[in-house]
Amino acid sequence: MNLSRRDLIKKGGLILLGVLVFEGLTNHRRSQSQGLASPVAEGGPYDWGKHYWGFVVDTNKCIGCGRCVRACKLENRVPLEPEHHRTWVERYVITLEGEAYVDSPQGGINGFAGEAVNVKYQNLKIRNSFFVPKLCNQCDNPPCVQVCPVAATYRTKDGIILVDQQRCIGCRYCIQACPYGARYLLPSRPGVGPLGEGGVVDKCTWCYHRITRGVPPACVEACPVKARAFGDLRTPESPVRQILAEARINVLKPDLGTRPKVYYVGLDLEVR
Amino acid sequence: MEPMKHLIRAALVVFLAVAVFFILRSQLIPASWGQYGLYRGENVAEWAGLPMQYADTPQCQACHQSHYQQWSSSKHRGVSCENCHGPALSHIQAGAKVAIDRTRDLCATCHAELVSRPSHFPQVALDSHGGQAPCIACHSAHAPKAVSPPPIPRRVEGASDCLACHGSHALLPLPPSHAGRTADLCRNCHRGSER
């Protein structure tokens, strides 16, 4: 039988269509039928559809004690060697001439008291000086999620960016992409990662395991002066919404379009 | 059908390739992929299920009522118990010991005088305050202002002998805890305007 070109295209097209339909159906079936009872899916004890989390940092209140950094390390097993931080405190010292000095000795975990970290500022004519705590901003337009080549990082329905450490291949593209320096590489952690050796990316999760149980993140609980606040952006009575209603707020690097969700009260010009 | 044979073979190869692709895909892609988006849906529960280390401060009240009472109406009521005492969940659940740093260093992390701290925050130049004695010798950690040595009023600051007014049979006798102390010890704890 001689098949004309037209016939071939028609018949081949039908076969292709059949294959595509088949694929579409099987995909659909797989994700629906699994119906995994994730406790953070709809219907579980914590409904992630009902919350959208936000964070406020008040730099006017921060006293640079560093207890938040310490609490985070203990709560989240953040490695001490090599030194990494999910949250850290920076100190800005601005002289009368307008020169700014920034330091963050070990992220501020031991505070900023003591001769060793203060000796370099002894002879400066200081105009003002303050502390700025920083952490992952859980951006609404996250560059870190965008660049991941294996889709190992994602945004949850309640606004938190998480890293699937079983899928992460440790390429560090996201660490580069984050403009805030919020991510780091977990050098080695037995049982974690595709090869079970670590070498995957980690970051602040706003203590996802605490907020889904109705408890604030460890750093917010630790702060003795209420420089950090955490709450639900959807609930007008939440601490975050109450502050947002009264204060003048800013965010870090607004020009990059990342739409961060850590709102700063009293963010100085010099803070990058 | 001769002219069609090569076409049928080609179609078969393509079909086989596509079939192998879909079979591999169904094996390699994790089951919860795509459940909520382009990620493994199970991972959300993995993160949410991690164990906590820090408990909630109100839980300390259940067993440590007197300390909690004292603390909750003191100047330190904004400082959570676990801030100084460390994570307490293993203490609540398994009776692990809770540590506390009793040296000057712990108090210094917040209260050492630093130019970067807000000026209204209570800070003190530790080099010239209290010598080497631990802060808690004079200041109770759970009631730092209420249980601390009263300062020397300005008008009597220059007085050389405190016991002239505060000795036994005197105007303002000393509390029983101060029995036997001599006048040279007073200024070790009681400060005037020099703090």
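Scanning region B:149-173 for residues that are under 12 Å from B:ARG191 (Cβ atoms) and either modelled with pLDDT under 80 or in contact with a Lys or Arg (Cβ under 8 Å, 6 or more places away or on another chain) (or both) yields B:PRO149, B:PRO150, B:PRO151, B:ILE152, B:GLU157. Restricting attention to region A:184-196, does a residue exist that is part of a helix (DSSP H, G or I) and touching a helix residue (DSSP H, G or I) at 6+ places or on another chain (Cβ under 7 Å)? No, the conditions are met nowhere in region A:184-196. In summary, B:SER160 fulfils each of the numbered conditions (1) polar (S, T, N, Q); (2) in a loop (DSSP other than H, G, I, E, B); (3) touching a residue at least 24 places away in the same chain (Cβ under 8 Å) with the single exception of condition (3). No other residue among B:ALA31, B:ALA96, B:ALA62 is in contact with a helix residue (DSSP H, G or I) (Cβ under 7 Å, 6 or more places away or on another chain), surrounded by fewer than 16 Cβ atoms within 10 Å (Cβ to Cβ) and away from chain A (no Cβ under 12 Å) apart from B:ALA96. Total residues in region B:38-58 satisfying the condition of being out of contact with any strand residue (DSSP E or B) (no Cβ under 6 Å at 6 or more places or on another chain), facing chain A (nearest Cβ under 7 Å) and under 15 Å from A:VAL163 (Cβ atoms): the figure is 8. Condition first: under 17 Å from A:HIS84 (Cβ atoms) and touching a Gly at 6+ places or on another chain (Cβ under 7 Å). Can you find one or more residues in region A:179-186 that meet it? Taking every residue of region A:179-186 in turn, at least one turns out to be under 17 Å from A:HIS84 (Cβ atoms) and touching a Gly at 6+ places or on another chain (Cβ under 7 Å). A:VAL200 meets the conditions (1) within 14 Å of another protein chain (Cβ to nearest Cβ); (2) closer than 22 Å to A:GLY108 by Cβ; (3) of a type in the set (A, V, I, L, M); (4) in contact with a Lys or Arg (Cβ under 9 Å, 6 or more places away or on another chain) in every case but one. The failed one is (2). When each of A:ALA41, A:ALA37 is tested for being at pLDDT below 65 and either under 30 Å from A:ALA247 (Cα atoms) or surrounded by 20 or more Cβ atoms within 10 Å (Cβ to Cβ) (or both), the lone residue that passes is A:ALA41.
Out of region A:211-240, which residues are among the charged types (D, E, K, R) and surrounded by 18 or more Cβ atoms within 10 Å (Cβ to Cβ)?
Residues satisfying the conditions are A:GLU221, A:ARG228, A:ASP232.
With respect to the conditions (1) under 24 Å from the mean Cα position of the chain (by Cα); (2) more than 10 Å from every other protein chain (Cβ to nearest Cβ); (3) more than 25 Å from B:CYS110 (Cβ to Cβ), A:LYS157 lacks only one, and its number is (2). Could you please let me know if B:ALA112 is in contact with a Pro (Cβ under 7 Å, 6 or more places away or on another chain) and of a type in the set (A, V, I, L, M)? No.
If I go through region A:202-218 residue by residue, how many of them are part of a loop (DSSP other than H, G, I, E, B) and under 19 Å from A:GLU83 (Cα atoms)?
The total comes to 2.
Checking B:ALA96 against (1) touching a Ser or Thr at 6+ places or on another chain (Cβ under 6 Å); (2) within 30 Å of A:ILE160 (Cα to Cα), which test does it fail? For B:ALA96, the failing item is (2). Does A:VAL69 qualify as being more than 9 Å from chain B (Cβ to nearest Cβ) and either modelled with pLDDT of 95 or more or not in a strand (DSSP E or B) (or both)? Yes; evaluated as a whole, the condition is true for this residue.
Of all residues in region A:110-149, which are part of a loop (DSSP other than H, G, I, E, B) and facing chain B (nearest Cβ under 10 Å)? Listed by number, the residues that qualify are A:ASN110, A:GLY111, A:PHE112, A:ALA113, A:GLY114, A:LEU124, A:CYS148. Close Cβ contacts (under 7 Å, 6 or more residues apart or on different chains) running from residues in region B:104-122 that are within 7 Å of chain A (Cβ to nearest Cβ) to residues that are surrounded by 16 or more Cβ atoms within 10 Å (Cβ to Cβ) and of a type in the set (Phe, Trp, Tyr) comprise B:LEU114/A:PHE112; B:SER116/A:PHE112; B:SER116/A:PHE130; B:SER116/A:PHE131.
For region B:52-110, residues that are in a loop (DSSP other than H, G, I, E, B) and farther than 14 Å from A:ALA218 by Cβ total 18. A:THR95 meets each of the listed conditions (1) of a type in the set (Ser, Thr, Tyr); (2) within 26 Å of A:ASP58 (Cβ to Cβ); (3) surrounded by 18 or more Cβ atoms within 10 Å (Cβ to Cβ) apart from (3). From the list B:HIS111, B:HIS190, B:HIS142, B:HIS129, the one residue that fits, being buried (at least 16 other Cβ atoms within 10 Å of the Cβ) and either at pLDDT below 90 or more than 25 Å from A:PRO224 (Cα to Cα) (or both), is B:HIS129.
The values are calculated or read from the model by the stated rules, or taken from the named source; none is laboratory data. What you see is a predicted model, and the numbers here were worked out from it, not measured in a lab. Heads up, the Cβs are rebuilt from the backbone with ideal geometry, glycines too, and the neighbour counts pull from every protein chain shown.
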